[in-house]
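Structure record follows, encoded as structure tokens.
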Amino acid sequence: MRDKPDMQSLFGGCQMNGFADFPVRSVDRVEGADVAVVGVPVATSYATVGAYCAGAPEAIRRAFGWSGVLHHHDFDLEGTLLGETGCAVDCGNLACSESDFGYNRALIRDAMHRVLKNQAVPVVLGGDDSVPIPVLQAYEDFGPITILQLDAHIDWRDEVHNERFGLSSNMRRASEMSWVEGIIQVGARGLGSARPGDVRDALDWGVEFFPMHQVSEQGLEAVVGAVPAGARVYIALDIDVMDPSVVPAVIGPAPGGFAYWDVVALFRKVARKARIVGFNLVELMPDADIGGRGTLVAARIAATVSGLIARQRQP
């Protein structure tokens, strides 16, 4: 019996390049690119779960794109994926360790610094939610930035099992970076690792929270209104902000999350008001997916954000 057919086989294509058919380059060769896709399989894992999202970058690449796809019409972006003159490259995956987390953080921070120095915008495919910490550290010379975090959980723990750089602490660590001038957190719901004191600390720092129940009742406009006009916005997307019926492949599913168009509409509105200077997508667990549908949603979102960034940089 033949393998299950897909769009690639249907049109006789083969995946010649990287994500979304972007040409493959190293992180040292991104000059002239609007977007640099970088896979980061793991940063700082908890011993209890290990590198449970390490396969996500390659799964996302397989889910979206085949040779020639960049020349096709993209109805979500009303044109080709990168617009008339946009350029994006795929830098492959960083060679992260599953045990030496200090090495990982330095590797990630250095790679992102090189991308930013060459004036490309990082689109990071994780990996678990510890990945944003070293990514955000690379912005020290490229700030100030405002973080727009979409997540079912707020990630404000100071430490978990004596680890301060894990997935539950990324927004706490971000708040300690002087180049982060604002944090807007959207989509929190249900139960996570946060304690009442963590929420108080976040509010005292100045976080603007938009829990999922508020977004559901009031819409996206208040979220967009909280983004300063002209700000340099880093979007941190934990894919568990999506409803489990849309993306089932996460370690911490919670009912009542976003649909695909909710997220795309928010990003489109933000792109009209501010400048997107970085993006990460984390927490996808391909082994827990159902029919590849969550991976496809993740890939589609990453591609759409790449297209929005490319369009912002065109005349």
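Is region 90-104 home to any residue that is in a loop (DSSP other than H, G, I, E, B), at pLDDT 95 or above, among the hydrophobic types (A, V, I, L, M, F, W, C) and surrounded by 14 or more Cβ atoms within 10 Å (Cβ to Cβ)? Looking for residues that are in a loop (DSSP other than H, G, I, E, B), at pLDDT 95 or above, among the hydrophobic types (A, V, I, L, M, F, W, C) and surrounded by 14 or more Cβ atoms within 10 Å (Cβ to Cβ), one finds at least one in region 90-104, hence yes.
Conditions (1) within 25 Å of Ala226 (Cβ to Cβ); (2) in contact with an Asp or Glu (Cβ under 7 Å, 6 or more places away or on another chain); (3) surrounded by 24 or more Cβ atoms within 10 Å (Cβ to Cβ); (4) among the hydrophobic types (A, V, I, L, M, F, W, C), marked per residue:
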position	(1), (2), (3), (4)
Leu284	no, no, yes, yes
Ile290	no, no, no, yes
Leu296	no, no, no, yes
Arg311	yes, no, no, no
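Within the set Ser245, Ser178, Ser216, the sole residue that is in a helix (DSSP H, G or I), at pLDDT 95 or above and touching a Gly at 6+ places or on another chain (Cβ under 9 Å) turns out to be Ser216. Comparison of Leu284, Leu308, Leu266, Leu296 shows that the only residue that is in a helix (DSSP H, G or I), of a type outside the set (Val, Ile, Thr), closer than 26 Å to His213 by Cβ and modelled with pLDDT of 95 or more is Leu266.
Taking each residue of region 221-233 that is part of a helix (DSSP H, G or I) and looking for partners that are not aliphatic (A, V, I, L, M) with beta-carbon atoms closer than 7 Å, six or more apart or interchain, yields Ala222/Phe210; Val223/Phe210; Val224/Lys269; Val224/Lys273; Ala226/Glu208. Just one of the listed residues (Ala111, Ala152) is part of a helix (DSSP H, G or I), at pLDDT 95 or above and among the small types (Gly, Ala, Ser), namely Ala111. Quick check on this structure: which one of Leu107, Leu77 is over 26 Å from Asp289 (Cα atoms), buried (at least 17 other Cβ atoms within 10 Å of the Cβ), touching a Ser or Thr at 6+ places or on another chain (Cβ under 8 Å) and not small (Gly, Ala, Ser)? Of the residues listed, the single one that is over 26 Å from Asp289 (Cα atoms), buried (at least 17 other Cβ atoms within 10 Å of the Cβ), touching a Ser or Thr at 6+ places or on another chain (Cβ under 8 Å) and not small (Gly, Ala, Ser) is Leu77. Quick check: anything in region 43-66 without any contact (Cβ under 8 Å) to a residue 40 or more places away in the chain and over 20 Å from Gly294 (Cα atoms)? Among the residues of region 43-66, not one is without any contact (Cβ under 8 Å) to a residue 40 or more places away in the chain and over 20 Å from Gly294 (Cα atoms), which makes the answer no. Quick check: is even one residue across region 113-124 under 18 Å from the mean Cα position of the chain (by Cα), more than 24 Å from Leu308 (Cβ to Cβ) and not small (Gly, Ala, Ser)? No, because not a single residue in region 113-124 is under 18 Å from the mean Cα position of the chain (by Cα), more than 24 Å from Leu308 (Cβ to Cβ) and not small (Gly, Ala, Ser).
Within region 24-41, count every residue that is of a type in the set (Val, Ile, Thr) and surrounded by fewer than 24 Cβ atoms within 10 Å (Cβ to Cβ).
2
Every listed requirement among (1) buried (at least 18 other Cβ atoms within 10 Å of the Cβ); (2) farther than 26 Å from Ala271 by Cβ is met by Val199 save one, (1).
Here Gly65 passes the criteria (1) assigned to a loop (DSSP other than H, G, I, E, B); (2) closer than 19 Å to Thr304 by Cα; (3) touching a Ser or Thr at 6+ places or on another chain (Cβ under 7 Å) except the one numbered (3).
The values are calculated or read from the model by the stated rules, or taken from the named source; none is laboratory data. Just so it is clear, the structure is predicted and the values come from calculations on it, not from any experiment. Don't worry about glycine lacking a Cβ; one is built from the backbone with ideal geometry, like all the others, and counts go over all protein chains shown.
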